[in-house]
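Worksheet: one structure, shown below.
Taken together, the values in this text are just the output of simple stated rules run on the coordinates, not laboratory data. In this text, all values refer to a predicted model and were calculated from it rather than measured experimentally. Using ideal geometry, Cβ is built from the backbone for each residue, glycine included, and neighbour counts are taken over all protein chains shown.
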Amino acid sequence: MKIAQVAGFLGSGKTTFLIELAKILVDRGHRIAIIVNDVGEINVDAKFIEMYGLKAKEISGGCICCQVAGNFANTIAILYNTFKPDIVIVEPSGVAIPWGLKRAAEYSEEEMDDVIVHAPVITLVDSLRIEELMQSVRRLVETQIREADVVFINKVDSATKEKIDLSVQFSKAINPNAEIMFGSGRNNQGVKEAATLIETRTSPRYDESYEKEMLKRDYGGGA
Ligand SMILES: Nc1nc2c(ncn2[C@@H]2O[C@H](COP(=O)(O)OP(=O)(O)O)[C@@H](O)[C@H]2O)c(=O)[nH]1
Ligand SMILES: [Mg+2]
């Protein structure tokens, strides 16, 4: 089962983006589950359902959206054992770190007879608020960008060229290896391309030594 994370700071457009992403993937024949922190924030025409003990909304027959119940690994295992999605799209909380979420997802393997495969980690960067992100929450945003496979410069429908350019410069300086994409979840721009990446590519499994290396870089290796 494939897990696709859409990371990014609060307000970067994750929920808007992943609903569009899910619709596209359902149209392509996938069975999709979305995990969010609060199903109440899913603002689409969907019916509330109580599913296998999970608080959920059914967006279509092939797509449900549910709230984390207890711990994250447990929620993934319940979904696998009941709804059987082939792709689970995850909206981590705006302060979650991608590698930590990979590890949590892999814990669910203890409760299911399948392995977790990670889709490329997509980090949304809010181009409208780039200056603010570079100042007040820089460290967190840097971590989310550094651990991304794909940096999606979001909200280009309303951002100036200067802000978009600044977003690219900032992202490339932190993670020169990431693929940079541009788009808008609201206008459904770039979302099809992101869906194709999720379908066709993978991202490495959690690796403790890698994370230690990153922490050392961030915090000077004191520990
Ligand atoms: N201009 C613009 N605004 C967007 C776009 N996507 C989301 N937003 C707005 O950004 C705000 C936060 O969006 P949301 O999806 O809830 O972000 P989240 O907190 O990361 O889940 C909302 O007011 C959205 O309407 C976009 O592509 N362009
Ligand atoms: Mg959200």
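Data table
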{"item": "The chain: Cα Rg divided by the 2.2 N^0.38 Å rule of thumb", "result": "0.98"}
{"item": "Most mobile listed residue (T15, T82, T196) in the chain, GNM with C-alpha springs under 10 Å", "result": "T82"}
{"item": "Helical mean residue ellipticity (222 nm; -39500 (n - 2.57) per DSSP H run of 4+; nearest 500) of the chain", "result": "-11500 deg cm²/dmol"}
{"item": "Highest-first arrangement of 121-127, 67-73, where packing means the average Cβ count within 10 Å", "result": "121-127, 67-73"}
{"item": "Once the Cα gyration tensor of region 1-123 is diagonalised, semi-axes √(5λ) in Å", "result": "18, 17, 14"}
{"item": "Computed over the chain: relative contact order in percent, which uses C-alpha pairs under 8 Å that are six or more apart", "result": "25"}
{"item": "Cα-based reach from K172 at 19 Å (exclusive), listing lysines while leaving out same-chain residues under 8 positions away", "result": "K155, K161, K163"}
{"item": "Considering only the chain, percent of DSSP beta bridges that pair antiparallel, nearest 5", "result": "30"}
{"item": "Backbone HN-Hα couplings from phi across region 50-61 [Karplus 6.51/-1.76/1.60, Hz, Gly and Pro as x]", "result": "9, 10, 6, x, 9, 7, 9, 10, 9, 8, 7, x"}
{"item": "Interchain or long-range residues, amide H under 5 Å from V68's placed H", "result": "V36"}
{"item": "For region 17-56, the fraction of alpha-carbon pairs in successive 10 Å shells from zero, as %", "result": "24, 57, 19"}
{"item": "Angle in degrees between helix 98-107 and the longest Cα principal axis of the chain, rounded to the nearest 10", "result": "30"}
{"item": "Efficiency of FRET between Q135 and E213 - r from beta-carbon atoms, R0 35 angstrom, step 0.05", "result": "0.85"}
{"item": "Candidates I153, I116, I76, ranked by Gaussian network fluctuation over the chain, Cα under 10 Å, top entry", "result": "I116"}
{"item": "Sequence-distant residues sharing a close amide H with L124 (under 5 Å, placed H)", "result": "A7, G8, F152"}
{"item": "Within a Gaussian network of the chain (alpha carbon springs, distance under 10 Å), most fluctuating of N177, N43, N187", "result": "N43"}
{"item": "Cα-based equivalent ellipsoid of region 78-127: semi-axis lengths in Å, sorted from largest, via gyration tensor", "result": "23, 12, 10"}
{"item": "Gyration tensor (alpha-carbon) shape descriptor, region 123-223, a/c threshold 1.5", "result": "oblate"}
{"item": "Dipole magnitude (debye, nearest 20) for the chain, charges at Cβ of Lys, Arg, Asp, Glu", "result": "380"}
